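The next block holds one structure in the form of structure tokens; read it before the comments.
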Amino acid sequence: MIVDDQEIECVTFDLDDTLWLCFPVILKAESVFYDWLGKHYPRIAEAFTFEGLIDRRRDFFSGLPAGMAHDVTWQRMRWLEKLADDFACPRGHLVQEGFEVFLAARNDIELYDGAHEILRLASERYTCGTITNGNADVARIGIDHYFDFSITASGAGAAKPDPAIFLAAAEAAGMPPEKILHIGDDPERDIRGAANVRMKTLWINPDGKLWEGPGSPDMELRSINELAGLLVH
């Protein structure tokens, strides 16, 4: 049973580092994009090492308006425009095709072992949704059939832990936040953010870290797989 099962009617999942390991996915996507640059825009690839291009992108992101920090797609599109302009390349192909190359690789994901079964069990018992700050796309990944709705930071106009993104999920679910359990790995963005709008919380804590700061999750598991035993009771 999840928390108090009589109170929970909806379960929302964080995506990156909750259903799959994020870092290698992003690193692979950056590598695929860099290889694409080398083929189509060799002058750019020759001007940067792989690591150097990532560092330059991070520097560029740090100078973008704080009000757009929630929209990682918008940030990357502006970065691609900057690359095109700096190297006198046509924006259209580099920006649109380059972003699509990155996004396709970014959504080429292998879920944690057992995660598909967890999502199947949850979707049979609860209204299910996703809440993510990133641009992972559950339809492109092929797991959208488990979910009734998907909320992104770009769509909500705010990123976790801002209350707005969690309230957008509650609106999509058609129920008050108190009836929703949010599952995620990040103590601040996921757990405190959800708790601040009175959602129930389940912290995925694979490294067994000690909880720090005020409040605490309603439940804590070491992996998403441990949820299976709770969903079948």
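No value in this document is a laboratory result; all are computed from the given coordinates. Everything numeric here is computed off the predicted structure, so don't read it as measured data. Glycine also receives a Cβ, built like all others from the backbone with ideal geometry; neighbour counts cover every protein chain displayed.
Order the peptides 183-193, 119-129 from the highest to the lowest mean number of other Cβ atoms within 10 Å of their residues.
Values: 183-193: 21.8, 119-129: 18.4.
In descending order of packing, they fall as 183-193, 119-129.
Taking the C-alpha atoms only, the angle from helix 50-62 to the longest principal axis of the chain is near 70 degrees.
The relative contact order of region 1-132, computed from alpha carbon pairs under 8 Å that lie at least 6 residues apart in sequence, is 48 percent.
Take peptides 47-54, 160-167, 100-107 and line them up by average Cβ neighbours within 10 Å, highest first, as a rough protection proxy.
So the order, starting with the most tightly packed, is 160-167, 100-107, 47-54.
Equivalent-ellipsoid semi-axes for region 174-233 (Cα gyration tensor, √(5λ), whole Å, largest first): 18, 17, 8. For Thr201, the residues whose modelled amide H falls within less than 5 Å of its own, excluding neighbours fewer than 5 places apart on the same chain, are His182, Asp218, Met219.
Both radii come from the Cα set of region 1-123: Rg as radius of gyration, Rh as Kirkwood radius; their ratio Rg/Rh reads 1.11. Using only side-chain charges placed at the Cβ, +1 for Lys and Arg and -1 for Asp and Glu, the dipole size of the chain relative to its Cα centre rounds to 620 debye.
Under 5 Å between amide hydrogens, built in the peptide plane, is the criterion, and for Val11 it picks out Thr127, Cys128, Gly129, Leu181 among residues at least 5 positions away or on other chains. For Met77 and Arg120, the FRET efficiency from 1/(1 + (r/R0)^6), where r spans their Cβ atoms and R0 equals 45 Å, is about 0.80.
Based on DSSP H segments of at least four residues, each scored -39500 (n - 2.57), the chain has a per-residue ellipticity at 222 nm of -12000 deg cm²/dmol. Computed over region 37-98, the convex hull of the alpha-carbon atoms projects to a mean area of 4.1 nm². Axis angle, to the nearest 10 degrees, between helix 163-173 and the longest C-alpha principal axis of the chain: 70 degrees.
Normalised by residue count, region 139-207 yields a Cα convex hull volume of 98 Å³ per residue.
Step through the table entries Lys82/Lys200; Lys28/Lys82; Lys82/Lys160; Lys39/Lys209; Lys28/Lys209; Lys160/Lys209, compare each Cα-Cα distance with 32 Å, and write down the pairs that go over it. Don't jump to the answer; show the numbers that get you there.
Values: Lys82/Lys200 42 Å; Lys28/Lys82 22 Å; Lys82/Lys160 27 Å; Lys39/Lys209 44 Å; Lys28/Lys209 27 Å; Lys160/Lys209 21 Å.
Checking Cα-Cα distances, Lys82/Lys200; Lys39/Lys209 exceed 32 Å.
Within the chain, DSSP assigns beta bridges of which about 0% are antiparallel (rounded to the nearest 5).
Proximity of backbone amide H atoms, modeled 1.01 Å from N, is registered between Ser150 and Thr130 at under 5 Å, excluding neighbours fewer than 5 places apart on the same chain. For the chain, the ratio of Cα radius of gyration to the globular rule of thumb 2.2 N^0.38 Å stands at 1.10. Across region 49-110, the relative contact order, built from alpha-carbon pairs under 8 Å that are at least six residues apart, equals 22 percent.
Label positions at Asp35 and Glu100, each projected 7 Å from the Cα along the C-beta direction, are separated by 1.9 nm.
Compute the long axis of helix 22-40 from its Cα atoms, compare it with the longest principal axis of the Cα atoms of the chain, and write down the angle in degrees, 0 to 90, nearest 10. Helix 22-40 sits roughly 20 degrees off the main axis of the chain. Note on the chain: dipole from Cβ charges, positive end direction compared against Ala169, His93, Leu221; the farthest Cα belongs to His93. In terms of Cα atoms, the Rg and Dmax of region 77-160 work out to 16.6, 54 Å.
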